[in-house]
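**Q** The structure is given below, and queries will be raised subsequently.
The values are calculated or read from the model by the stated rules, or taken from the named source; none is laboratory data. Predicted model only: the values in this text are computed from it and were never measured. Every residue, glycine among them, receives a Cβ derived from its backbone with ideal geometry; neighbour counts consider all protein chains shown.
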Amino acid sequence: MANKFYITTPIYYVNASPHIGHSYTTIAADVLSRFKRRTLGRENVRFLTGTDEHGQKIQKAADAAGLSAQSFVDRTSGQFRMLWESLGVSYDDFIRTTEERHIKAVQRVLGILFEKGDIYEGKYEGLYCTPCETFWLESQAEGGLCPDCKRPVESIVESNYFFRLSKYQDWLLGFLKAHPGFIRPASRYEETMRFLELNKLNDLCISRPKERLSWGIPLPFAPAHVTYVWFDALINYISAAGEFDEAGNYKSQWWPAQLHLMAKDILRQHTVYWPIMLHALGIPLPEAVFAHGWWMINEDKMSKSRGNVVNPLEMVKKYGLDAYRYFLLRDVPFGLDGSFSEEGIVKRYNSDLANDLGNLVYRTLTMVEKYFGGDIPAVDCGELARSGGAAAILEKLSKLDSQVSSALDACNFNSALEAIWELIGMANKHVEETKPWNLAKQDKKDELASFIRLLVEVIRGVAFQLEAFIPQTSLSIREQFGKDRIKKGDPLFPRIETKKK
């Protein structure tokens, strides 16, 4: 399919409830999807999210909750769906790894790679971290602790099945050197290249004996083993977008994906395991992988294991949905780590949303109501450039769409919003410099009409660009500024009063 856009979030692990980190990735994907639907058409955009529901951590969490594994994942997966609805996330497909379409695809992949000789049986002897569901070498687990989560690892000796990652290391290095834009931002590309150049890949253990872990997808050629959760999970991107024919060829109108979005802690799975898996299957690679930063609280990564997570629904309840979405995407460049605080949300709310955007909209509505009885002045837009400082504002407005488009194509959400707010700032400054109340006193009706029509055009342009970011606010603005008349409502963002120290 030409001119299509297929974007994915990672599928989220359901051993606990969702938090801000999950919402960050998903809201970013939602903004890109909404923007692309506007430019490409709704029928040409596919936005996939979902839940990862197998593995040892799930089984342990289910046991602790006194539920069967299936009942547990049904409940927690439902929480993610409910959260995305509450956050205005407009996904097109929600995949669960316990669905038949996914199980069928995973077993087909396993069968193809086994027949090809890229999966073989071997003996594993080493260290294993249950919380991370990851095997480690002794040299990696200093002090007997997992390098990732810093919790104790355990010694394991067992027969398992392995995928020949090592066979494809040279191919992957060559591919990445030829396609540096595959991994974004550039710092993540450099991180992956350093890892591949300084380390020899070990073959990936892709199974667990059922006697140790029963909650997983059985290997079609070894029913006493279930599939390693990461090998299972990555396949969701193709199991949701197409299927294999009888000859083992993958067919899809959507693949390859244009963009995989995720946090940086799962970079290696998406830039080492996944490309090699696809290449071994003879399936094209996605166009790009973007690994964003973490939200930190008091300089610690926000995570379920650390117990410092913040519930997105609580933030929405306190500050509103659009204020929450705006803060996440405006406060920090998308590839970097950010420091989360409620003080930060309040500061952005009062400064950007209440003082800048909200004030421009409300004062313009008030002037249309006061000076023109609610009728939007019917001034030819070609005449506007001749009114005072309007020329620079109109030039900025004419360039805004391309500025926002370029920024979003690069996943620079905060840059796109900065461009929009530059125009808002110019319009507010124009009000202070023009002093429309003086024009009214001097009975300069034509100048006043041109001035107010300019503000209306700016606000309409801003609302159009904000639809992907803060859709409720965009809709409210468009409803208040009709074709010929206004329908004035309450202020968009009433200021939040803070206690003085």
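**Q** Sort out for me the strands (runs of 3 or more DSSP E) sitting completely within region 80-179 that have 1 or more residues that are polar (S, T, N, Q) and surrounded by 13 or more Cβ atoms within 10 Å (Cβ to Cβ).
**A** Numbers: elements: 93-96, 119-129, 134-136, 154-163.
Where strands (runs of 3 or more DSSP E) fall fully within region 80-179 and carry at least 1 residues being polar (S, T, N, Q) and surrounded by 13 or more Cβ atoms within 10 Å (Cβ to Cβ), they are 134-136, 154-163.
**Q** Of all the residues that make up region 198-218, how many are more than 28 Å from the chain's Cα centre (by Cα) and either crowded, with 23+ Cβ neighbours inside 10 Å or under 30 Å from Ile7 (Cβ atoms) (or both)? First the steps, then the outcome.
**A** Residues of region 198-218 that are more than 28 Å from the chain's Cα centre (by Cα), as a first pass: 198-203, 205, 207-215, 218.
Right, trim to either crowded, with 23+ Cβ neighbours inside 10 Å or under 30 Å from Ile7 (Cβ atoms) (or both) and you get 201, 207-208, 215.
Adding up the residues that qualify gives 4.
**Q** Another question, then. Check off (1) at pLDDT below 95; (2) buried (at least 16 other Cβ atoms within 10 Å of the Cβ) for Ala247 and give me the number that stays unchecked.
**A** Among (1) at pLDDT below 95; (2) buried (at least 16 other Cβ atoms within 10 Å of the Cβ), Ala247 violates only (2).
**Q** Let me ask something additional. Could you say whether any residue in region 179-193 is more than 30 Å from Ala28 (Cα to Cα) and among the aliphatic types (A, V, I, L, M)? If you could, list the steps in order and put the result at the bottom.
**A** Looking only at region 179-193, we keep the residues that are more than 30 Å from Ala28 (Cα to Cα), and these are none.
No: zero hits.
**Q** Moving on. Considering Ile266, Ile183, which residue is closer than 26 Å to Met296 by Cα and touching a Leu at 6+ places or on another chain (Cβ under 8 Å)?
**A** Values: Ile266 fails: touching a Leu at 6+ places or on another chain (Cβ under 8 Å).
Of the residues listed, the single one that is closer than 26 Å to Met296 by Cα and touching a Leu at 6+ places or on another chain (Cβ under 8 Å) is Ile183.
**Q** Something else: Among Leu384, Leu360, which is the only one that is farther than 28 Å from Asp265 by Cα and at pLDDT below 95?
**A** Values: Leu360 fails: at pLDDT below 95.
After applying the criteria, what remains is Leu384.
**Q** Could you go through region 448-461 and let me know if any residue there is aliphatic (A, V, I, L, M), modelled with pLDDT of 95 or more and under 23 Å from the mean Cα position of the chain (by Cα).
**A** no
**Q** Evaluate the following for Glu343: is it surrounded by fewer than 18 Cβ atoms within 10 Å (Cβ to Cβ) and more than 23 Å from Val89 (Cα to Cα)?
**A** Working: surrounded by fewer than 18 Cβ atoms within 10 Å (Cβ to Cβ): yes; more than 23 Å from Val89 (Cα to Cα): yes.
So Glu343 passes the test.
**Q** Hey, another quick one. Can you find even one residue in region 23-41 that is without any contact (Cβ under 8 Å) to a residue 12 or more places away in the chain and surrounded by fewer than 16 Cβ atoms within 10 Å (Cβ to Cβ)?
**A** Yes, region 23-41 contains at least one residue that is without any contact (Cβ under 8 Å) to a residue 12 or more places away in the chain and surrounded by fewer than 16 Cβ atoms within 10 Å (Cβ to Cβ).
**Q** Go through (1) in contact (Cβ under 8 Å) with a residue 24 or more places away in the chain; (2) part of a helix (DSSP H, G or I) for Glu432 and report which single condition fails.
**A** Result: Glu432 passes all but (1).
**Q** Sticking with this one: When you scan region 290-299, do you find a residue that is within 14 Å of Phe182 (Cβ to Cβ), outside any helix (DSSP H, G or I), in contact (Cβ under 8 Å) with a residue 12 or more places away in the chain and among the aromatic types (Phe, Trp, Tyr), even just one?
**A** Applying the first criterion (within 14 Å of Phe182 (Cβ to Cβ)) to region 290-299 yields 290-291.
In the following step, the residues that additionally are outside any helix (DSSP H, G or I) were identified as 290-291.
Then drop every residue that is not in contact (Cβ under 8 Å) with a residue 12 or more places away in the chain, which leaves 290-291.
After this cut, where a residue has to be among the aromatic types (Phe, Trp, Tyr) as well, the list is 290.
Looking through region 290-299, at least one residue is within 14 Å of Phe182 (Cβ to Cβ), outside any helix (DSSP H, G or I), in contact (Cβ under 8 Å) with a residue 12 or more places away in the chain and among the aromatic types (Phe, Trp, Tyr).
**Q** Can you tell me which of Arg164, Arg212, Arg184 is basic (Lys, Arg), at pLDDT below 95 and on the phi < 0 side of the Ramachandran plot? Break it down stepwise before answering.
**A** Numbers: Arg164 fails: at pLDDT below 95; Arg184 fails: at pLDDT below 95.
Going through Arg164, Arg212, Arg184 in turn, just one is basic (Lys, Arg), at pLDDT below 95 and on the phi < 0 side of the Ramachandran plot: Arg212.
**Q** In region 156-187, what residues are without any contact (Cβ under 8 Å) to a residue 12 or more places away in the chain and closer than 16 Å to Leu259 by Cα?
**A** The answer is His179, Pro180, Ala186.
**Q** Only one residue in Arg208, Arg212 is of a type in the set (Lys, Arg), under 23 Å from Arg268 (Cα atoms) and not in a helix (DSSP H, G or I). Which one?
**A** Details: Arg212 fails: under 23 Å from Arg268 (Cα atoms).
On inspection, the qualifying residue turns out to be Arg208.
**Q** Still on this model: Identify the residue in region 423-440 that is in contact with a helix residue (DSSP H, G or I) (Cβ under 6 Å, 6 or more places away or on another chain) and of a type in the set (S, T, N, Q) and, among all such residues, is modelled with the highest pLDDT.
**A** Looking at residues that are in contact with a helix residue (DSSP H, G or I) (Cβ under 6 Å, 6 or more places away or on another chain) and of a type in the set (S, T, N, Q), I get Asn428.
**Q** Taking the residues in region 445-501 that are among the small types (Gly, Ala, Ser) and outside any helix (DSSP H, G or I) as candidates, determine which candidate is surrounded by the most Cβ atoms within 10 Å (Cβ to Cβ). Break it down into steps so the answer makes sense when it comes.
**A** Step one: filter region 445-501 for residues among the small types (Gly, Ala, Ser), giving 449-450, 461, 463, 468, 474, 476, 482, 489.
The next check asks that each one be outside any helix (DSSP H, G or I); those that pass are 468, 482, 489.
Numbers: Ala468: 24, Gly482: 11, Gly489: 13.
Filtering region 445-501 for residues that are among the small types (Gly, Ala, Ser) and outside any helix (DSSP H, G or I), the one surrounded by the most Cβ atoms within 10 Å (Cβ to Cβ) comes out as Ala468.
**Q** Let me ask you something else. When region 316-368 is examined, which residues are found to be in a helix (DSSP H, G or I) and aromatic (Phe, Trp, Tyr)? If you could, list the steps in order and put the result at the bottom.
**A** Just the residues of region 316-368 that are in a helix (DSSP H, G or I), to begin with: 316-319, 321-330, 342-368.
Residues satisfying the conditions are Tyr319, Tyr324, Tyr326, Phe327, Tyr349, Tyr362.
**Q** Of the residues Met277, Met296, which is modelled with pLDDT of 95 or more and within 25 Å of the chain's Cα centre (by Cα)? Break it down stepwise before answering.
**A** Working: Met296 fails: modelled with pLDDT of 95 or more.
Answer to the check: Met277.
**Q** I'd like the residue in region 405-428 that is farther than 22 Å from Gly338 by Cα and in contact (Cβ under 8 Å) with a residue 24 or more places away in the chain and, out of all such residues, is surrounded by the most Cβ atoms within 10 Å (Cβ to Cβ). Let's see the steps before the verdict.
**A** Filtering region 405-428 for residues farther than 22 Å from Gly338 by Cα gives 405-406, 422-428.
Among the residues that remain, those that are also in contact (Cβ under 8 Å) with a residue 24 or more places away in the chain are: 405, 422-428.
Working: Ser405: 15, Glu422: 13, Leu423: 21, Ile424: 20, Gly425: 14, Met426: 16, Ala427: 24, Asn428: 18.
This residue is Ala427.
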